[in-house]
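All remarks here apply to the structure that follows.
Nothing in this text is a laboratory measurement; each read-out follows from the coordinates by a stated rule. As the structure is a prediction and not an experimental result, all values here were calculated from the model. We place every Cβ from the backbone using ideal geometry, glycine too, and count neighbours over all the protein chains shown.
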Amino acid sequence: MQGMILDEYRRYVAERFGFRTWTRVLAAADRPSTQQYGLGDVYPDEELGLLAARTAEVTKTPPAEVLRGFGESLVPEMLRIYSYLLDPKWDFSAFLLNMEPMLHAALKLHTPGAQPIKVQARRLGVDSVEVFYDSPLHACAAIEGVIRGAAAEFGVTAEVSQPECALRGYQRCRFEVGVKARSDSRRSSPA
């Protein structure tokens, strides 16, 4: 797990639930209150799961809701930092179709030793994309959050369903994403 992702998780918890909650999460996870996650460092993959579980306990929020919110919160900052990896011609569907290579490129820049995220996508139709997520972390709610957060950034509405989930015994998670243009679109592509 990339230190950059864990540091973004820290920021998310502190912003959504308050800094004191973050220190309570660290205590519940048996981490020092001064715990820092180095942006270029690699941590055990289980660290995110542990922090999410402790956040759910401390805040009495369902774990899936914690992870979904985290995924949504990641998108604006990641699009800002890695805007040079995005093709300005991409729409939301093209972003989803190119998400895995973009994530791998970003990972190689900051954390060469970290394992790449397995998020593959294929077009189902003109306005629909299928996204596959395969990871022992089972953080599929975070992936759903990223999909929803990206839709907001691209100014579209995404109808997301998850007909297959590793947490329900499937081999991997599968999302079906329907895309609808929003009449109140703030922008058509991320800046």
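Below, the figures for the structure above:
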| item | result |
| --- | --- |
| Label-point gap, in nm, between T157 and R123 - each point 7 angstrom along Cα→Cβ | 2.4 nm |
| Gain in span if fully extended, T21 to K89, counting 0.36 nm per residue against the direct Cα distance | 20.4 nm |
| Spatially close lysines, pair count over the chain: Cα under 27 Å, gap of eight or more or interchain | 5 |
| Gain on full stretching of the segment that runs from R168 to V42 - 0.36 nm per residue minus C-alpha separation | 42.5 nm |
| Relative contact order computed over region 20-120 (Cα-Cα under 8 Å; 6+ residues apart), in percent | 24 percent |
| DSSP H segments from the chain that extend 15 Å or more along their own axis, Cα-based, with Kyte-Doolittle mean of -0.5 or above | 46-59, 63-81, 99-110, 140-154 |
| The chain: most fluctuating residue of R80, R11, R24 per GNM, C-alpha cutoff 10 Å | R80 |
| Charge dipole magnitude, Cβ of K and R +1, D and E -1 - the chain, Cα centre, debye nearest 20 | 280 debye |
| Estimated D of region 1-117 in µm² per second, where Rh is the Kirkwood radius over Cα pairs and Stokes-Einstein applies at 37 °C, 0.692 mPa s | 217 µm²/s |
